[in-house]
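Participant: For reference, the structure I am asking about is given below.
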Amino acid sequence: MNPLTRRMFLAALTGAGAAGLGGLLWRQSVFAAMDAGQFTNRLRLPGASGLYAPVAAKDVKQITVSELNFEVLPKLPSPFWAYVAEVGGKRLLNPTLLARPGDQIKLRMVNRLKQPTIIHWHGLTNDERNDGFGNYQVDRGKSFDYAFTVWNRAANYWYHPHPHDIAGEQAYKGLAGLLIVKDDDEEKLDRALDLAAGVTDIPLVIQDRSFNFEGKLEYKLAREQMFAGFLGEEILVNLTARPYFDAARRIYRFRILNGSNARSYRLAFAQGARLLDYYLIGTDGGLLEQPQKLREAFIGAAQRLDVLLDLRAASGNEPVFLKSLAFDPMHNESVDEKTGTPGSGADPHAAHAGGGLMDGMEMPLLRINIKSSAEYKRQIPSQLSQLPKLAAAAGEPRRLTLGHDRKGNWNINGWRFNMHETPVTVRRGTRETWLLQNNRASMPHPMHIHGFQFRVLERRDSPAQVKALATRNNGLLPQDFGLLDTVLVWPGESVRIALDFNHPFSGDQTYMFHCHNLEHEDTGMMIGYKVAD
Ligand code: C2O
Ligand code: CU
Ligand code: CU
């Protein structure tokens, strides 16, 4: 029996659904054994079907936010929400929008959901109206017209829903797509490594999901998950459960997006017990100047890691797994703020209750089968691109403290989201340093700012598992050498970032700054900030 159907079967037997005994047994057997045979579903690739199909953003005139049915699990259709575009007589689901810097994008979003929605272009520099967030959401049956220029450099951006309070559910049900901007540096790299989109240059969207006993997507937050964020019981890559991918012995580019609601991953490529080297070449805001050699990297929700894997370094034909290594998820919500010791009533496992795979547990994500030895002699170039300089601003940084109140509501400097307030105002054209300080009694928060890409200047008091990955001074991680729009801030950690509020839009513009754990965002860990002209 196919493992997925087997699980449904077991779950149905116990009559307890996804969180029942059957589900539990199934999970334990699969993830304890890391049995290569379980990865029997071919990884979905853009272009093969309508899902993620690449299309020039300029050619998309309308995106209809739709409710439909989709077989996320093989042969088990589930209600699924998708961005649907009709282009050239083809129906595309969550299309991969392609653009070049300077392109004009003009499209109409039509809301066919039974609730309000809006599309946010994550990572793009936009004016307030085209940025797309809750204040611009439109009701069912209504539409919203976008018209904007791609101001950003080449990178892997993405788009997803951003309505008030329900972004988590909407993204969970399927709404998310990539927006890939390419430029000359990108094309140089394609040529140097002989990369082809969808073949050797592959987006990997990692999302955790839970299913009911009929294999239908289920978004149910156990009480603990309303605080910690949703944790699913199955990790999907490109909406494929237990995926495999047949590869040649050569260099691959993987554009990795953590599209999960709340879960972080510690990404590594492993062949048996051996971790393979891989190369970080880009982050949220595009290519790094030089590739960074790694064995592992954390990726928080909404972040992108653009990597090269050279399968010539794999030995023999044993499959390589992309996996998430075990880590301490640091659900330290109830430690004593001063001493760091657990307070009374602290239950380190509380956040794991509710049926999802434990946060921080080791898990395989994708099996890569080495099928052929291609004639391939290319080498990774030492120089990839030029990054815009972004120096620290003079003077005291602006402090933003991440924590929660006694009722368990996450906040930023004690502020919770109020659509009529913008507690932070910055001046257009100025530089600022922000100090993001996460309390010890906290959990990791992937903090995201709309409208601008930033640089990390320094990390302090990072937990040991993070410090161990720091490569240079100031506690910086390899991904901190790139432009970012989202940064994972661990409990007790302080991260200093440099921002340049220079943009081409006149008039005051309001944007969002929030935690991209979508359950945290939905429950108010978000503020509006104003860029005053
Ligand atoms: Cu990707 Cu405000 O979100
Ligand atoms: Cu965003
Ligand atoms: Cu958070």
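Participant: Please work out how much length the chain gains when fully extended from LYS338 to ASP533, using 0.36 nm per residue of separation minus the C-alpha to C-alpha distance, in nm with one decimal.
Facilitator: 66.1 nm
Participant: On the principal axes of its Cα set, how long, how wide and how thick is the range 108-233? Give whole Å, largest value first.
Facilitator: If we take the Cα atoms of the range 108-233, the spans are 50, 35, 26 Å.
Participant: Another one. Which value at 222 nm does the chain reach when only helices count, each DSSP H run of 4 or more adding -39,500 (n - 2.57), with the total divided by all residues and rounded to the nearest 500 deg cm²/dmol?
Facilitator: The helix contribution divided over the chain gives -3000 deg cm²/dmol.
Participant: What's the local net charge at TYR252, with K and R +1, D and E -1, over the other residues with C-beta under 12 Å away? Don't skip to the end; give the middle numbers.
Facilitator: Details: positive: ARG249, ARG250, ARG253, ARG255, ARG312, ARG378; negative: ASP194, ASP201, ASP246, ASP306, ASP310.
Within the 12 Å Cβ shell, the charges total +1.
Participant: Here is a follow-up. How much length is gained on full extension from GLN115 to LYS389, taking 0.36 nm per residue of separation minus their Cα-Cα distance?
Facilitator: Working: separation 274, 0.36 × 274 = 98.64 nm, distance 4.24 nm.
Taking GLN115 through LYS389 to full extension adds about 94.4 nm, to one decimal.
Participant: Tell me, what is the per residue accessible area of the range 48-182 in Å², probe radius 1.4 Å?
Facilitator: Details: 4840 Å² over 135 residues.
So the range 48-182 comes to 36 Å² accessible per residue, rounded to a whole number.
Participant: Can you tally the net charge around PRO463? Count Lys and Arg as +1, Asp and Glu as -1, for every other residue whose Cβ sits under 9 Å from the Cβ of PRO463.
Facilitator: -2
Participant: On average, how much accessible surface per residue is there in the range 261-323, in Å², for a 1.4 Å probe, leaving out ligands, DNA and RNA?
Facilitator: Counting only protein heavy atoms, the per-residue value for the range 261-323 is 25 Å².
Participant: Next up: To the nearest Å, what is the center-to-center distance of the range 157-201 and the range 436-482, using C-alpha atoms only?
Facilitator: The range 157-201 and the range 436-482 have Cα centres separated by 23 Å.
Participant: To continue, here is another question. Determine the relative contact order of the range 76-200: mean sequence separation of Cα pairs under 8 Å and six or more apart, normalised by residue count, in whole percent.
Facilitator: Rounded, it is 30 percent for the range 76-200.
Participant: To continue, here is another question. For the range 238-298, what are Rg and Dmax over the alpha carbons, in angstrom?
Facilitator: Answer for the range 238-298, Rg first and Dmax second: 13.0, 34 Å.
Participant: Report in % the part of the accessible area of the chain that belongs to carbon and sulfur, leaving out ligands and nucleic acids; probe 1.4 Å.
Facilitator: Within the chain, the accessible surface is 49 percent carbon and sulfur.
Participant: Now a separate question. To the nearest 0.05, how large is the calculated FRET efficiency for ARG91 and ASN135 if R₀ is 35 Å and r is the Cβ-Cβ distance? Intermediate values should be presented prior to the final figure.
Facilitator: Working: r = 31 Å, r/R0 = 0.88.
The computed FRET efficiency comes out at 0.70.
Participant: Here's a follow-up. Among rounded, prolate and oblate, which fits the chain when a ≥ b ≥ c are the square roots of the eigenvalues of its C-alpha gyration tensor, a/c under 1.5 means rounded, and a/b larger than b/c means prolate?
Facilitator: It is rounded, given that a/c, with a ≥ b ≥ c, falls under 1.5.
Participant: I'd like to check one number: the per residue accessible area of the range 398-532, probe 1.4 Å, reported in Å² as a whole number.
Facilitator: Computed with neighbouring chains in place, this is 35 Å² per residue.
Participant: Find the relative contact order for the range 123-177 and round it to a whole percent, using C-alpha pairs within less than 8 Å whose residues are 6+ positions apart.
Facilitator: This gives 39 percent for the range 123-177.
Participant: Still on this structure, I have one more. Return the FRET efficiency for the residue pair ARG42, THR425: r is the Cβ-Cβ distance, R0 is 41 Å, and the value is rounded to the nearest 0.05.
Facilitator: 0.20
Participant: Where nothing but the Cβ of Lys and Arg (+1) and of Asp and Glu (-1) is charged, how large is the charge dipole of the range 48-182 around its Cα centre, in debye to the nearest 20?
Facilitator: Roughly 380 debye, rounded to the nearest 20.
Participant: Related question: Which ³J(HN,Hα) values, rounded to whole Hz and listed in residue order, are derived for the range 131-147 from phi using the Karplus coefficients 6.51, -1.76 and 1.60 in 6.51 cos²θ - 1.76 cosθ + 1.60 with θ = phi - 60°, glycine and proline given as x?
Facilitator: In residue order, the calculated couplings are 5, x, 8, x, 5, 10, 4, 10, 6, 3, x, 8, 10, 9, 9, 9, 8 Hz.
Participant: What net charge is computed for the residues neighbouring LYS58, neighbours being all others with C-beta under 11 Å from the C-beta of LYS58, Lys and Arg scored +1, Asp and Glu -1?
Facilitator: +1
Participant: Sketch the reach of a paramagnetic label on ASN502 as a point 7 Å from Cα along Cα-to-Cβ, and name the residues of the range 359-401 whose backbone nitrogen lies under 15 Å away.
Facilitator: Only 387-394 fall inside the zone, counting backbone N under 15 Å.
Participant: Run the quick spin-label model on ARG472 and ILE380: label points 7 Å from Cα toward the beta carbon, then report their separation in nm to one decimal.
Facilitator: Between ARG472 and ILE380, the simple spin-label model gives 1.6 nm.
Participant: For LYS407, go through the lysines and keep the ones whose alpha-carbon is under 23 Å away, minus same-chain ones fewer than eight residues off.
Facilitator: Answer for LYS407, where 23 Å is the Cα cut-off: LYS220, LYS338, listed by chain and number.
Participant: Right, next: Hey, with R₀ at 45 Å, roughly what FRET efficiency would ASP461 and ARG191 work out to, going by the Cβ-Cβ distance, to 0.05? Could you put the intermediate results ahead of the total?
Facilitator: On the way: r = 43 Å, r/R0 = 0.97.
So the FRET efficiency works out to roughly 0.55.
Participant: If you don't mind, there's one more thing I want to ask. Let me know the shape class of the range 474-533, please: from the alpha-carbon gyration tensor, a ≥ b ≥ c as square roots of the eigenvalues, rounded when a/c is under 1.5, otherwise prolate if a/b is greater than b/c, or oblate.
Facilitator: Oblate, because a/c is 1.5 or more while a/b does not exceed b/c.
Participant: Using a ≥ b ≥ c from the Cα gyration tensor of the range 398-532 (square roots of the eigenvalues), is it rounded, prolate or oblate, where a/c under 1.5 gives rounded and otherwise the larger of a/b and b/c decides, a/b for prolate?
Facilitator: Here the range 398-532 falls in the oblate category.
Participant: Additional query: Which semi-axes, in whole Å and largest first, does the equivalent ellipsoid of the range 48-182 have when worked out from the alpha carbon gyration tensor as the square roots of 5 times its eigenvalues?
Facilitator: That gives 22, 18, 13 Å for the three semi-axes.
The values are calculated or read from the model by the stated rules, or taken from the named source; none is laboratory data. From a predicted model like this one, the values you see are computed outputs, not experimental measurements. We place every Cβ from the backbone using ideal geometry, glycine too, and count neighbours over all the protein chains shown. Remember, those area values only see protein heavy atoms, side chains included, never the ligands or the DNA or RNA. Shrake-Rupley method; radii C 1.70, N 1.55, O 1.52, S 1.80 Å.
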